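For reference, the structure discussed in these notes is given below.
The values are calculated or read from the model by the stated rules, or taken from the named source; none is laboratory data. Because the structure is a prediction, the values reported are computed rather than measured. Every residue, glycine among them, receives a Cβ derived from its backbone with ideal geometry; neighbour counts consider all protein chains shown. These area figures cover heavy atoms from the full protein model, side chains too; ligands, DNA and RNA do not enter into them. Shrake-Rupley method; radii C 1.70, N 1.55, O 1.52, S 1.80 Å.
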Amino acid sequence: MAYWLFKSEPSTWSWQQQLDKGEHGEEWDGVRNYQARNFMREMTVGDRGFFYHSQTEKAVVGIVEVIAEAHADSTTDDERWECVDIKAVCSVTTPVTLSMIKSDLRLAEMVLVRNSRLSVQPVREAEWKIICEMAGVRA
């Protein structure tokens, strides 16, 4: 299993909207960055990810699971763009803010710390466990 982080502006797609999709989940569409698209191409069904509210909140607010591997993004006819489908697994007990992540030296090399603008990014297993612990959820 691999671990990921999916960033969304709450005004565009919120954690509550993701929760409302239930078991059917939703396409993680609209990504127009080659590196983020390539990360989605690496994902397999069952991989887990953090759902991160960007902009004002800047916090991990939930955990998602990949339920469909990379396929054509339904929001465009451009064949270059692909996406995965994800479903909500659980909300975190305690949102983990970017400032909390940056203040933990064990997370200094995390992609979110080094490249906070990337909308889809990998998370190392050790980072996953640390953030789950901070969030009050089982890794």
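A simple charge model with +1 on the Cβ of Lys and Arg, -1 on the Cβ of Asp and Glu and nothing else charged puts the dipole of the range 54-124 at about 600 debye relative to its Cα centre. In units of the rule-of-thumb radius 2.2 N^0.38 Å, the range 51-93 shows an alpha carbon radius of gyration of 1.45.
Please compute the length gained on full extension between Thr97 and Asn38, using 0.36 nm multiplied by the number of residues separating them and subtracting their Cα-Cα distance.
Numbers: separation 59, 0.36 × 59 = 21.24 nm, distance 2.59 nm.
Gain on stretching Thr97 to Asn38: 18.6 nm.
Straight-line reach from Lys87: taking Cα to Cα under 25 Å and skipping same-chain neighbours fewer than 8 places apart, the lysines in range are Lys7, Lys21, Lys58, Lys129. Across the range 24-89, Cα-Cα pairs farther apart than 18 Å form 38% of the total. Averaging Cα coordinates gives a centre for the range 38-74 and one for the range 107-126; these two points are 13 Å apart. In sequence order, the range 26-39 has phi-based couplings of 7, 5, 8, 8, x, 6, 10, 10, 4, 5, 5, 4, 5, 5 Hz under the Karplus curve 6.51 cos²θ - 1.76 cosθ + 1.60, θ = phi - 60°, and Gly or Pro positions carry x.
Longest segment of the chain with no GluC sites (Glu not before Pro) in a DSSP loop having at most 14 other Cβ atoms within 10 Å?
Numbers: sites that count: Glu79, Glu109.
Longest stretch, sites excluded: 1-78.
Under Stokes-Einstein, with the Kirkwood radius over Cα pairs as Rh, the value for the chain at 4 °C and 1.567 mPa s is 87 µm²/s. Can you give me the % of accessible surface on the range 34-139 that is carbon or sulfur? Probe 1.4 Å, all protein chains present, nothing else counted. Using a 1.4 Å probe with all protein chains present, the range 34-139 comes out at 47 percent carbon and sulfur. Using only the Cα atoms of the range 77-121, build the gyration tensor, take square roots of its eigenvalues as a ≥ b ≥ c, and label the shape rounded, prolate or oblate: rounded if a/c is under 1.5, else prolate if a/b is larger than b/c, else oblate. Oblate, since a/c reaches 1.5 and b/c is not below a/b. Shown is the FRET efficiency for Ala108 and Asp29, computed with R0 = 22 Å from the Cβ-Cβ distance and rounded to the nearest 0.05: 0.10.
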